[in-house]
Amino acid sequence: MSTVLYIASRSGGPDAGRWAPVGRLDHDAGVYRFVYTHGAKLFGFAAFPGMDDLQRVYESDELFPLFANRLLSPSRPEYEAFLRWGGFSTAQPPDPLLVLGVTQGLRQTDPLEVFACPTPDAAGRYQSKFFLHGVRWMHDTARERIARLAPGERLTPALEIGSRFDPSAVSVRTDDAVGRSLIGYVPRYLAKDVRDLCATCDPEHIELAVERVNTDAPLQHRVLCRVSACWPDDFSPCSGEAFQPLVELPSRMHPTGRAGAARG
């Protein structure tokens with residue numbers, strides 16, 4: 001099955017805070033394929049360097065530099081820790097797109113995030129892993145509670161109302177017997193999914209929990225969470241207009257070829 005990632009861009013200027021999926025990346029039959037989506041037409045988005053034609057399907061036998069540069073090099077001393085933070089085995093190199101889908105390819109130098117479009121698991125349920133967002137903005141008491149989180153600990157999603165930053169915001173709170181501490185947020189690209197699932201699935205069939213706590217990681221990789229829920233018959237993530245490619249993708253898969261530059 002092809003791994004599908006979307007690239008989201010945050011806006012600046014008068015539209016600061018808005019975000020949209022601007023591109024789609026997949027890897028199938030040995031070929032990496034990138035195409036811009038309708039979200040790229042929002043808030044004056046500028047095409048990526050070296051990929052300046054919004055009406056083109058880019059293909060390559062190697063991962064495009066824009067995304068390869070968002071993965072930590074195996075030669076870096078913190079490489080094994082980086083994989084461990086995302087819950088990946090260090091015994092063998094994982095699929096780079098799977099790593100990007102969890103780590104989000106975050107960099108301090110641009111407003112981009114990479115995320116995977118959720119797919120049903122073997123049991124037909126919704127499954128997704130994500131790093132808790134907003135930890136850097138939490139108060140000291142919340143940071144202290146985060147430090148005490150344990151793998152497998154249940155968390156509670158809370159649907160925010162009237163957020164001026166994100167109308168679909170979903171906060172994450174602890175499931176303490178006395179009071180529920182706000183410790184962060186579900187990533188924006190999953191928030192609408194979680195809201196829809198909370199409105200459709202039996203509450204007993206929705207589970208949000210701590211996957212792992214990385215005490216040695218930067219704040220954006222401090223808490224890895226997992227969410228599991230039913231998959232309603234009419235549920236279709238990443239299906240809005242902004243996610244749709246600007247040009248039609250090729251229907252035939254290309255055979256694995258020699259390493260080379262992007263082609264279109």
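Annotations for the structure displayed:
- Which numbered condition P167 misses (of (1) closer than 14 Å to L224 by Cβ; (2) at pLDDT below 90): (1)
- Picking from residues in the stretch 187-224 that are assigned to a loop (DSSP other than H, G, I, E, B), of a type in the set (D, E, K, R) and over 16 Å from the mean Cα position of the chain (by Cα), the one that is nearest to L112 (Cα to Cα) is D216.
- Of all residues in the stretch 83-106, those satisfying the criterion of being touching a residue at least 40 places away in the same chain (Cβ under 8 Å), on the phi < 0 side of the Ramachandran plot and surrounded by 14 or more Cβ atoms within 10 Å (Cβ to Cβ) are R84, W85, G86, L97, L98, L100, G101, V102, T103, L106.
- Subset of the stretch 225-252 [of a type in the set (S, T, N, Q), within 16 Å of the chain's Cα centre (by Cα) and within 30 Å of Q55 (Cβ to Cβ)]: S239
- Within the stretch 217-232, the set of residues being small (G, A, S) and surrounded by 20 or more Cβ atoms within 10 Å (Cβ to Cβ) comprises just one member, A229.
- Listed by position, the helices (runs of 4 or more DSSP H) enclosed by the stretch 44-123 that each have at least 3 residues that are under 20 Å from Y189 (Cα atoms) are 96-103.
- Test for A47: is it within 21 Å of the chain's Cα centre (by Cα), small (G, A, S), under 19 Å from V247 (Cα atoms) and surrounded by 13 or more Cβ atoms within 10 Å (Cβ to Cβ): yes
- Within the stretch 186-196, the residues that satisfy the criterion of being in contact with a His (Cβ under 9 Å, 6 or more places away or on another chain) and either surrounded by fewer than 22 Cβ atoms within 10 Å (Cβ to Cβ) or small (G, A, S) (or both) are P187, R188.
The values are calculated or read from the model by the stated rules, or taken from the named source; none is laboratory data. Note that the structure is predicted; figures quoted are calculated from it, not measured. All Cβ positions, glycine included, derive from the backbone under ideal geometry; neighbour counts span all protein chains shown.
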